[in-house]
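Take a look at the structure set out below.
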Amino acid sequence: MNEYNFAYLDEQTKRMIRRAILKALAIPGYQVPFASREMPMPYGWGTGGVQVSAAVLVPEDTLKVIDQGADDTTNAVSIRRFFERTAGVAVTEATAEASVIQTRHRIPEAPLRADQILVYQVPIPEPLRFLEPSEVETRKMHALEDYGLMHVKLYEDISRHGAISTSYAYPVKVEGRYVMDPSPIPKFDNPKLEMAAIQLFGAGREQRIYAIPPHTRVVSLDFEDHPFEASKADHACGLCGATDSYLDELIVDDEGGRMFLCSDTDYCAGRRRAGHAGAEAAPFEEDAA
Amino acid sequence: MMELAMDAAIGATAGTTPLLRVEGVTKRYGARIGCADVSFDLWPGEVMGIVGESGSGKSTLLNCLAGHVPPDSGAVLFDTRDGGLRDTLTMRESERRMLSRTDWAFVHQHARDGLRMNVSAGGNVGERLMAVNARHYGRIRAKATDWLGRVEIAADRIDDRPTAFSGGMQQRLQIARNLVTGPRLVFMDEPTGGLDVSVQARLLDLLRGLVREMGLSAIIVTHDLAVVRLLADRLMVMKDGHVVESGLTDQVLDDPQHAYTQLLVSSVLQV
């Protein structure tokens, strides 16, 4: 499609976003304001992630888009098609083959490499938001490293539920300095935030970009007597039998029947292709879908 | 003059530096005066009352001292733990914030301004501890429970939100939240305002006990002369932004010299 500039955004906009990305990489965890554009999709559908992806894509890239781990949900399919049409880049569902991965609320199970970029869609970038409504005040708190309030939230969790019940968007401290919202990934994924790939976070409506450079120290906040735990459902995947992946719970009938399966569809399919089978698996067929 | 002589006398007996030294603090709102050229020393363990009618500049002065409002001129020197007397107005904001959550405390007139209404009582008390890097849940909670007891809030209310508390309880919770880190200087802005008299009496009793027990220094702004009579060692009377009279509390209240102080003292209803 030559009616669009490469990757939809005009070159000036992409330069502006790249400048924000470079600044974000230079100050890990710091939220860099940027002039977010209107995108041809509603806020909440990943307008921030799409703008970051558009700014980092080059024609040689291979793009993968996932939504809650899955390649085949509406959000993932429509963003993938968007870049197929406006950038003409190759797309894939295989984590290992992708050079840019845009994700909503998951980190792929397969470890990422140094030549890959992971782009997160972020709804609310400010980890302090629900305790301190004023943006002026939260920015001041970040500047002065005044983060006592973050632990108040965890304290409230323990006092009400007996354990830290925050299970997604679990706050982290990046490189010993900025407290950051890792976007609504399950806390199971938090340990994976220390990785070899570049991680970029884009919040379109809130007009913020932040980043974690490769191999940056990322610590999940906790208490000495209630340490952080990367939790997942205590089951094996019903389809591939994996016990080490993050699981979705699926209701299968109206009699209380349910099954657990990998939320990362590519990881699950890869394992089944390799001959692994879970308790509820049908024989694997390559083109079953 | 009397004020200076008295300061010197107290200084000589204590033989230390003052905890807080205020020098010529002035704050203008455009052409109007908030407070003008206020100077005094506050010594460790001393409670200073500031009285005056509404609009006399006493709250402006308190906010200037506590660093909430930058004064136009003057200096507010605080005897910091590591650096001796330092001007808090020229400090970096991070240092000032550190002071305001360790050595300083601020009790607001309306408990709502000083509490987090959507956080439990325990969380409210624990916030200052967590702000100075307490990271052990059990110990934070034990300390919160202890402090709730000291301000006469039942331990089983620790997980209730302040919205479920009465006005008096909210005010006591605010005091617990402020005193939990063992501050050396407490600023109080009408701590008993808006409470009925019996609740006021209990709160004053509590405050007096805590101030004596912890050896706190405090600056209390109020228009209620009974409050300063009970709590304050020394008194400053303000009118139209100026200090018109100051001295020992009983001295000022029993033998007022300035016409305005005489009016103020005689205005109190006798029951």
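Quick notes
- Of all residues making up the range A:140-177, the number that are open to solvent by 30 Å² or more (accessible area, probe 1.4 Å), within 23 Å of the chain's Cα centre (by Cα) and more than 9 Å from chain B (Cβ to nearest Cβ): 7
- Residues of the range B:232-252 that are buried (at least 22 other Cβ atoms within 10 Å of the Cβ), hydrophobic (A, V, I, L, M, F, W, C) and not in a loop (DSSP other than H, G, I, E, B): B:LEU235, B:MET236, B:VAL237, B:MET238, B:VAL243, B:VAL252.
Conditions (1) open to solvent by 40 Å² or more (accessible area, probe 1.4 Å); (2) in contact with a strand residue (DSSP E or B) (Cβ under 7 Å, 6 or more places away or on another chain), marked per residue:
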site: A:PHE188; (1), (2): no, no
site: A:MET195; (1), (2): no, no
site: A:VAL218; (1), (2): no, yes
site: A:ALA242; (1), (2): no, yes
site: A:ALA269; (1), (2): no, no
site: A:GLY275; (1), (2): yes, no
site: A:GLY278; (1), (2): no, no
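- Checked against the criterion of being open to solvent by 60 Å² or more (accessible area, probe 1.4 Å) and not in a helix (DSSP H, G or I), the candidates A:ARG85, A:ARG18, A:ARG37 yield just one match: A:ARG37.
- Among the residues making up the range A:221-240, those that are within 14 Å of chain B (Cβ to nearest Cβ) and surrounded by 15 or more Cβ atoms within 10 Å (Cβ to Cβ) are A:LEU221, A:ASP222, A:PHE223, A:HIS226, A:PHE228.
- Within the range A:1-55, if we keep just the residues that are among the β-branched types (Val, Ile, Thr) and within 17 Å of the chain's Cα centre (by Cα), the residue that is nearest to A:PRO123 (Cα to Cα) turns out to be A:THR47.
- Every test in (1) more than 12 Å from chain A (Cβ to nearest Cβ); (2) open to solvent by less than 30 Å² (accessible area, probe 1.4 Å); (3) part of a loop (DSSP other than H, G, I, E, B); (4) not hydroxyl-bearing (Ser, Thr, Tyr) is passed by B:VAL119 save one, and that test is (1).
- Sole residue being open to solvent by 10 Å² or more (accessible area, probe 1.4 Å), in contact (Cβ under 8 Å) with a residue 24 or more places away in the chain and more than 14 Å from chain A (Cβ to nearest Cβ), chosen from B:ASP189, B:ASP146, B:ASP160, B:ASP82: B:ASP189
- A:PRO108, sole failed condition from (1) on the phi < 0 side of the Ramachandran plot; (2) open to solvent by 40 Å² or more (accessible area, probe 1.4 Å): (2)
- Residue in the range B:174-190 that is modelled with pLDDT under 95 and within 16 Å of A:LEU154 (Cα to Cα) present: no
- Some residue of the range A:24-32 being assigned by TED's automatic domain parsing to the domain that holds A:ALA143, free of Cβ contacts under 8 Å to residues at least 60 places away in the same chain and not in a helix (DSSP H, G or I): no
- In the range B:122-140, the qualifying residues are those that are in a loop (DSSP other than H, G, I, E, B) and on the phi < 0 side of the Ramachandran plot, and the one that is surrounded by the fewest Cβ atoms within 10 Å (Cβ to Cβ) is B:VAL132.
- For the range B:99-115, a tally of residues being without any contact (Cβ under 8 Å) to a residue 12 or more places away in the chain and either within 11 Å of chain A (Cβ to nearest Cβ) or open to solvent by less than 60 Å² (accessible area, probe 1.4 Å) (or both) returns 0.
- Check on B:HIS68, within 19 Å of the chain's Cα centre (by Cα) and not hydrophobic (A, V, I, L, M, F, W, C): yes
The values are calculated or read from the model by the stated rules, or taken from the named source; none is laboratory data. Because the structure is predicted, anything quoted here is derived from the model rather than measured. Please note: Cβ atoms are built from the backbone with ideal geometry, for glycine as well, and neighbour counts cover all protein chains shown. Only protein heavy atoms, including side chains, enter the accessible area calculation; ligands, DNA and RNA are left aside. Shrake-Rupley method; radii C 1.70, N 1.55, O 1.52, S 1.80 Å.
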